[in-house]
């Protein structure tokens, strides 16, 4: 197969490193060829805190993916997360010169640049400028203004940015392996590429991607991104609460959360217990199931309420017709969709990647949504405009304090 048909997504998560190798098909679908994984160390709340350790973990996951897919990986698309990620909406505008009245490609680029002429923190770099809507001489809802006659072109963008050095550290970690970085993509944006259909984006949908250390989110209304961001809290915080509250080791708390826990209260029989068997260094324990569920419920409810408060700073949550799509590793938690419905007062469901072929266990597992979404993002980019490998450009822009495209 042609090398251009191969795309690799890399997610450096708090709990796991995930590498997905995919093949783009002529009909626009993607076949998953292999998935590599490794436990994540040296990463906290989605950000690298121990460079050498994190790099070794990424290398393990890449080797695992190469073995399983029988593909030599040379370049990757990388997911970016962390509570430093911020976003806003802004409008750009350009007036066409008097001697020309037809909109061209340069006008499209100019209006995008104009929309970025805003003040962001000095230490930040732009990650994405995502088009929402074009306006041509006041006409709304224009999808592609190139070739239209006009005096003025305006465009609304959703702009995502983050701390330059934190993005740099992730890129450097991959470069040292050495691998090329084709692009860096906000994690929730990647997940939404495969979790939502175009119709669901059009009707309005909120994607919540809950990992070990972060909760990434992205909200669509009328097919356009309106809000996005990241909370520095995730499934590991629930595990820690269980460990502290029940006085059991973290490894036992994690297993207990997954195997026996639920985010829903009141579904247990009175006095119902869970028996933890003794193990090396652990004497065993009897746990009240409702106590376990209460700990899970409280932390998860707090996370959802924090997110709801953040979303309610803008009116867009009121236009989410399709409801909430929960994905990521923590979405496996029993009752999580029910609790989300209760907090947000919107329909909610657990979601995984759609319209994939190949390794079924990969795309039907919500914890791989972001990594698979990176491949879908890559496919869309390559379809729109084939471009050369970009590691040097991306790293150079960040390093020199310039803005990412």
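The values are calculated or read from the model by the stated rules, or taken from the named source; none is laboratory data. Because the structure is predicted, anything quoted here is derived from the model rather than measured. Cβ placement follows ideal geometry from the backbone for every residue including glycine, while neighbour counts extend to all protein chains displayed.
Condition check for residue 78 on (1) within 26 Å of residue 23 (Cβ to Cβ); (2) modelled with pLDDT under 95; (3) surrounded by 17 or more Cβ atoms within 10 Å (Cβ to Cβ): one failure, at (2). For segment 162-172, the set of residues classified as touching a strand residue (DSSP E or B) at 6+ places or on another chain (Cβ under 7 Å) and farther than 20 Å from residue 373 by Cβ consists of 163, 164, 166, 169, listed by residue number. Residue selection: residue 201 satisfies the criterion of being in the same structural domain as residue 300 (by TED's automatic domain parsing), touching a strand residue (DSSP E or B) at 6+ places or on another chain (Cβ under 6 Å) and free of Cβ contacts under 8 Å to residues at least 60 places away in the same chain.
Scanning segment 38-57 for residues that are within 24 Å of residue 364 (Cα to Cα) and touching a helix residue (DSSP H, G or I) at 6+ places or on another chain (Cβ under 6 Å) yields 38, 40.
Evaluation of residue 307 against the conditions (1) within 21 Å of residue 214 (Cβ to Cβ); (2) touching a helix residue (DSSP H, G or I) at 6+ places or on another chain (Cβ under 7 Å) shows that the sole unmet condition is (2). Looking across 338, 352, one residue alone is at pLDDT 90 or above and either assigned to a helix (DSSP H, G or I) or touching a strand residue (DSSP E or B) at 6+ places or on another chain (Cβ under 8 Å) (or both). It is 338.
Could we say that residue 294 is part of a helix (DSSP H, G or I), surrounded by fewer than 20 Cβ atoms within 10 Å (Cβ to Cβ) and at pLDDT below 95 here? No.
For segment 149-254, the strands (runs of 3 or more DSSP E) that sit wholly inside it and include 3 or more residues that are surrounded by fewer than 22 Cβ atoms within 10 Å (Cβ to Cβ) are 152-163, 224-231.
The test for being within 23 Å of residue 44 (Cβ to Cβ) and in contact with a helix residue (DSSP H, G or I) (Cβ under 6 Å, 6 or more places away or on another chain) does not hold for residue 244.
Yes/no per residue for (1) closer than 16 Å to residue 190 by Cα; (2) at pLDDT 95 or above; (3) within 14 Å of the chain's Cα centre (by Cα):
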| site | (1), (2), (3) |
| --- | --- |
| 15 | no, no, no |
| 23 | no, no, no |
| 30 | yes, no, no |
| 33 | no, no, no |
| 44 | no, no, no |
| 47 | no, no, yes |
